[in-house]
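Following: one structure in structure tokens, then a few remarks.
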Amino acid sequence: MRKIVAITQLSLDGVMQAPGGPDEDTQSGFTHGGWAMLFQDNAVLASVDKLMSGKFDILLGRRTYDIFAGYWPHHGDNSIGKAFNKAVKYVATRKTDSLPWDKSLRVGGDVVKAIKKLKASKGPSLHVWGSSAFLQSLITAGLVDEYQFWTFPVVLGYGKRLFESGAPPQRLKLVHSQTGSGGVVVSTYRPVGPLPSAGKKPATGKGKPQPKTKAKAKRAR
């Protein structure tokens with residue numbers, strides 16, 4: 001069984017949109033692209049080094065894939081580029097055009113079903129970078145085994161969030177946390193199950209008052 005790890009750069013108000021550059025994702029008029037690049041942080045650098053030194057494959061939504069494919073194949077001279085170029089890239093996409101980055105494989109059709117099958121196969125962990133829309137599908141289906149958050153000391157006010165409205169209520173266990181030199185909190189959480197009350201309706205007679213019958217009204221007098 002392969003582990004799915006979501007690696008996400010977050011603002012304090014939970015926004016994950018366009019951390020890397022001004023033109024990365026301007027959907028819905030987002031104008032704060034590149035906000036994570038304002039911070040130099042030793043904890044983030046250490047986390048990146050650890051991730052790149054291990055064995056992994058990559059899961060990406062199509063938008064993030066296109067951004068990565070336009071950059072990392074030309075930057076194989078650093079640790080990130082080397083690791084990304086070596087990994088197999090699984091791309092969730094409805095498009096049928098070619099995937100230009102070497103070792104890229106299309107995941108189409110019923111994406112959740114396909115990812116469940118991929119997760120059950122043999123191989124290294126599957127790292128999800130960015131890919132906000134695709135990640136929502138994985139979260140809803142309960143397929144994420146671990147979250148690695150880099151939470152930056154910035155409030156953006158609007159933008160795409162990691163846990164959007166409708167995300168299933170769940171409990172997470174903190175397994176690691178470190179605050180870096182730039183104030184970035186690097187933390188690792190693992191899902192441990194739904195909230196005890198998640199999805200349960202109040203039992204009859206609980207939650208809101210029930211109308212009294214005539215017999216009950218007489219006894220109450």
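Numerical summary
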quantity: Some residue of the range 17-37 being in contact with a Lys or Arg (Cβ under 6 Å, 6 or more places away or on another chain) and either free of Cβ contacts under 8 Å to residues at least 40 places away in the same chain or under 22 Å from TYR189 (Cα atoms) (or both); calculated: yes
quantity: Hits in the range 73-115 (condition: surrounded by 12 or more Cβ atoms within 10 Å (Cβ to Cβ), under 24 Å from GLY142 (Cα atoms) and of a type in the set (Lys, Arg)); calculated: LYS89, ARG106
quantity: Scan of the range 116-173 for residues that are hydrophobic (A, V, I, L, M, F, W, C), in a helix (DSSP H, G or I) and buried (at least 18 other Cβ atoms within 10 Å of the Cβ), ordered by number; calculated: LEU118, PHE134, LEU135, LEU138, ILE139
quantity: Residue identified as surrounded by 17 or more Cβ atoms within 10 Å (Cβ to Cβ) and closer than 19 Å to GLY180 by Cα among LEU59, LEU51; calculated: LEU51
quantity: All positions within the range 38-56 that are in contact with a Ser or Thr (Cβ under 6 Å, 6 or more places away or on another chain) and either basic (Lys, Arg) or without any contact (Cβ under 8 Å) to a residue 40 or more places away in the chain (or both); calculated: MET52
quantity: Residue within the range 42-52 that is at pLDDT 95 or above, part of a loop (DSSP other than H, G, I, E, B) and not polar (S, T, N, Q) present; calculated: no
quantity: Residue list for the range 14-48, filter: surrounded by fewer than 19 Cβ atoms within 10 Å (Cβ to Cβ) and either of a type in the set (Ser, Thr, Tyr) or under 17 Å from GLN136 (Cα atoms) (or both); calculated: GLY14, THR26, GLN27, SER28, THR31
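The values are calculated or read from the model by the stated rules, or taken from the named source; none is laboratory data. Nothing here was measured: the structure is a model prediction, and the numbers come from that model. As a convention, Cβ positions derive from the backbone with ideal geometry for all residues, glycine included, and neighbour counts pool all protein chains shown.
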